[in-house]
Number of protein chains: 2
Amino acid sequence: MDELPWSTRPTPDRSGDRPVGEHLVRPEPLTRMAVAVLTAAGAPERNAGAVAASLVAADLAGHDSHGVRRLVPYVGAIRAGTLDPAAQPRVARSEGAGATVDGRGGFGQLAAALATREVRELARAHGVGVVAISRGNHIGRLSEYVEALAEAGLVGIAFCNADPTVAPHGGRDRLLGTNPLAWAVPRGPGESAVVIDFATAAVAEGKLALSAARGEHVPPGLLVDGDGRDSTDPADFYEGGALLPFGGAAGGHKGYGLSVMIEIVGGLLSGAGISSLPGYDGTNGSVLLAVDIAAFLPADRFREQTERFCRRLSASTPAHEDRSVLVPGELEARTRAHRLQHGIPLSTATWNELAALPGFALPEGDST
Amino acid sequence: MDELPWSTRPTPDRSGDRPVGEHLVRPEPLTRMAVAVLTAAGAPERNAGAVAASLVAADLAGHDSHGVRRLVPYVGAIRAGTLDPAAQPRVARSEGAGATVDGRGGFGQLAAALATREVRELARAHGVGVVAISRGNHIGRLSEYVEALAEAGLVGIAFCNADPTVAPHGGRDRLLGTNPLAWAVPRGPGESAVVIDFATAAVAEGKLALSAARGEHVPPGLLVDGDGRDSTDPADFYEGGALLPFGGAAGGHKGYGLSVMIEIVGGLLSGAGISSLPGYDGTNGSVLLAVDIAAFLPADRFREQTERFCRRLSASTPAHEDRSVLVPGELEARTRAHRLQHGIPLSTATWNELAALPGFALPEGDST
């Protein structure tokens, strides 16, 4: 598992003005490539297919940090013996409206998919359900699971902790994970869910790494250096610094507070542990919550009101003439539509990393 | 109900260097005064006592915006006929692990207290529970309810919508409430809960009003004027502007996303409605969630690990030498301890407003 798997916002789709050396790949061959790499690493066909579909779905949504480039650390973890590619998750305990899914050290996407189905059924039976995931490794992009819950007519909430890279508000030690939170509800028929999925850190490490490689500075408020000073130099993170919680001067204590709650509840209910305390097992300590909308009001009425509200947001006056107000999740839905039509951009660096993996095969025809 | 009942952070305790004209009042006479005012306005003794205790608890925690100054709008609402001071809330529907509490147009604190008891019992019986509150008017300070859940060995989460005063990220129209979120878990024995309770707006209206009255400007990132331009002049809010979601440049889209989810789920599950759509009933559309920790791990183990983590946070290196890292909720706990010993400061403006209410009586001896 990487230290910072969470991107705070989707990578802009640049297929219109692709830099030379970037590849555009259709989702189908990209999925076949991922299946081949995972199979070569020892995953049964069924596991490989599910994980590959999850990774390519993240690429389609523009969350490249959670896309096929994850194959590199996954294959590394399989080789290191920390990820069992053949493991099948199971429901370890289910009582009342609560359950625990044991990922058994396998792919987190499989554990999360099982947890999603379990929490969906619990919520339908009891009005609300909660499922924790133990031994789930890296569970991937949270929005995938809450979107599936929204499509089933539920309110879906998910969060997890992760390796400590983030300082508390007013501090400088790495004591918190990037601790993402996702939440989704259904819109009207034919519309994709309203969904949020963000790190409670101010920035994803993947973005910092990119800026560092380019020698660029980043805006203030994202990180501190090893002496706890505000920094705009991404290299300072790698030399003993820390990320900051999101919110900055306009609410850093709020981002910090959310991160602390996710660290405690995600880490302890799952059994993963609190990431900066002894005993943390290095996995995403994850919790999924689902509420059955139909237990409170007719689902159609909920969808109709939500759709009306979303349209009101979209039609509202933008602060800047050249922009528009977006409904949460709309950027990802647009990116998905665009990439389904035009292909998924892969940087040459990512391509080359993937090409070094056993089993890799992609048609070269699409590259620039 | 006021437009903006939510303070983003506690008022600093200034009893050490009180400005001339500020009053220091012990909690007991302050509670008696609140009971007398509420009783004079038509509340039965039992209702008056519960609401008074809730208001004074907010004052003790430093959240003066939710303290006894609320008596002024409450008495106004009773006179206007929008708040029934004698109403008793009831559980309108309970099925499986979900329930709805009907506040019956009475004091929101009473409905929220009943909802807190109900969700506690649901979580104990089923592992998790969810309760929505309808016709709850202004439900007061959310942290009171999630702290009570934490004290009962549960994870407590609460959120609600409110009158629209906040613009979407990238927009300028008032389409969202200040939509606060609260979340609490228990610490070790003898320690008060880890708790967050914040508006998803960048600033509380009460603070803006104070700055406006003093002719002061506020930091950037809190509001836009009627033309959607960033503003530091609080008067612009009152002349057609809007508050902004919290997070600013370091995560305004995250604060906005949270606010949208709370608006939809709080507004629709409760029946209050989405505040910027026709049909909104003007109340806090509230939802409480509780998870029974003991369904996942021994509660003692949870408390021990949480306590260890909190101490690790407290002992961590501050970014600035003259400050320290705080555990979420610690500032409020310190303020409570200090005010229990030294009294609750009331500004002369608040005192005078309260003194105009029928039934008001406070000993003058404590004033400066």
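By the count of neighbouring beta-carbon atoms within 10 Å, fewest first, A:TYR74, B:TYR238 end up ordered B:TYR238, A:TYR74. Computed from point charges on the beta carbon alone (+1 for Lys and Arg, -1 for Asp and Glu), the dipole magnitude for the stretch B:210-302 about its Cα centre is near 320 Debye. Could you compute the net charge surrounding A:THR232? Neighbours are other residues with a C-beta less than 11 Å from the C-beta of A:THR232; K and R count +1, D and E count -1. Charge balance in the 11 Å sphere: -4. DSSP assigns beta bridges within the stretch B:16-161; of those with both partners inside it, close to 50 percent run antiparallel.
Among B:GLY67, B:GLY190, B:GLY170, the residue with the largest mean-square fluctuation in a Gaussian network model of chain B, with springs joining Cα atoms closer than 10 Å, is B:GLY190. Largest GNM mean-square fluctuation among A:ALA356, A:ALA319, A:ALA242, using chain A with Cα springs under 10 Å: A:ALA319.
For the stretch A:114-169, the calculated P(r), taken from all Cα-Cα distances in 10 Å bins from zero up to the bin holding the longest distance, is 21, 49, 22, 8, 0 percent. Quick one: net charge of A:PRO189's neighbours, Cβ under 12 Å, K/R +1, D/E -1? With Lys, Arg at +1 and Asp, Glu at -1, the neighbours total -3.
Using a Gaussian network model on chain B with a 10 Å cutoff between Cα atoms, which of B:VAL218, B:VAL287, B:VAL37 fluctuates the most? Of B:VAL218, B:VAL287, B:VAL37, the Gaussian network model singles out B:VAL218 as fluctuating most.
This ranking places A:GLU22, B:GLU239, B:GLU147, A:GLU118 by how few other beta-carbon atoms lie within 10 Å of each, fewest first, which gives B:GLU239, A:GLU22, A:GLU118, B:GLU147. Quotient of the Cα radius of gyration of chain A and 2.2 N^0.38 Å, N being its number of residues: 0.97.
If you take every residue apart from B:ALA295 with its C-beta less than 12 Å away from the C-beta of B:ALA295, what net charge results, scoring Lys and Arg +1 and Asp and Glu -1? Numbers along the way, then the final one.
Values: positive: A:ARG93, B:ARG124; negative: A:GLU95, B:ASP292.
With Lys, Arg at +1 and Asp, Glu at -1, the neighbours total 0.
Residue-wise HN-Hα couplings along the stretch A:87-93, as the Karplus relation 6.51 cos²θ - 1.76 cosθ + 1.60 with θ = phi - 60° gives them from phi, are 5, 10, x, 9, 7, 7, 7 Hz; Gly and Pro carry x. Counting only residues at least eight positions apart within a chain, or on another chain, the aspartates and glutamates with an alpha carbon under 15 Å from that of A:LYS254 are A:GLU263, B:ASP197, B:GLU330, B:GLU332.
Quick one: if you take sqrt(5λ) for each eigenvalue of the C-alpha gyration tensor of the protein assembly as shown, what semi-axes come out, biggest first, whole angstrom?
In descending order, the three semi-axes are 43, 27, 25 Å.
Enter the Cα centre distance for the pair the stretch A:303-362 and the stretch B:246-275, rounded to the nearest angstrom. Cα centroid of the stretch A:303-362 versus Cα centroid of the stretch B:246-275: 21 Å apart. Going out from 0 in 5 Å bins, what whole percent of all Cα-Cα distances in the stretch B:227-270 drops into each bin? So the P(r) values, bin by bin, are 5, 20, 19, 18, 20, 12, 5, 0. Note on the stretch A:251-368: with charges restricted to the Cβ of Lys and Arg (+1) and Asp and Glu (-1), its dipole about the Cα centre is near 440 debye. Rounded to the nearest 20, the size of the Cβ-charge dipole of the protein assembly as shown about its Cα centre is 1280 debye, with Lys and Arg at +1 and Asp and Glu at -1. Computed over the stretch B:191-237, the quotient of the alpha carbon radius of gyration and 2.2 N^0.38 Å is 1.42.
Compute the normalised compactness of the stretch A:312-368: alpha-carbon radius of gyration over 2.2 N^0.38 Å, N being the residue count.
So the Cα radius of gyration is 1.74 times the expected 2.2 N^0.38 Å.
Residues B:ARG70, B:ARG214 in ascending order of nearby Cβ atoms (within 10 Å, fewest first): B:ARG214, B:ARG70. Between the alpha-carbon centres of the stretch A:137-153 and the stretch A:157-205 there is a gap of 13 Å.
Taken together, the values in this text are just the output of simple stated rules run on the coordinates, not laboratory data. Treat the numbers as computed from the prediction; the structure is a model and nothing was measured. Reconstructed Cβ throughout: ideal geometry from the backbone, glycine too, with neighbour counts over all protein chains shown.
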